[in-house]
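**Q** Here you go, one structure.
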Amino acid sequence: MANNCPMTNHIRKIRKSLGMTLDQLAEATEISTSHLSRMESGGRGGSLESFVKIARALRVPVVDLTDEYSEGEVLDRVRN
């Protein structure tokens, strides 16, 4: 399924660049693994509270989870 939700486009990329598993993100955010998986694939959106939890767990600003920045810009900031 194509990801049409701009708030979820970078979650998987950031998570994987940090070497974090979906289970680890679920534990850190208290959001179920299945819900996170659907969010990452664009099959389900999330609340602002969910995105704040995810951003905190990934140690990035919430805006990095959006399409505002290109994938390369986001991953460069995560890696540095």
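**Q** Non-local amide H neighbours of Leu18 (under 5 Å, H modeled in plane, Pro and chain starts lacking H): which ones?
**A** Those lying under 5 Å, H to H, from Leu18: there are none.
**Q** Top to bottom by accessible area (1.4 Å), largest first, where do Glu27, Glu40 land?
**A** Sorted descending by solvent-accessible area, the residues read Glu27, Glu40.
The values are calculated or read from the model by the stated rules, or taken from the named source; none is laboratory data. Given the structure is predicted, the values throughout are model-derived calculations rather than measurements. Side chains included, ligands, DNA and RNA excluded: accessible areas come from the protein's heavy atoms. Shrake-Rupley method; radii C 1.70, N 1.55, O 1.52, S 1.80 Å.
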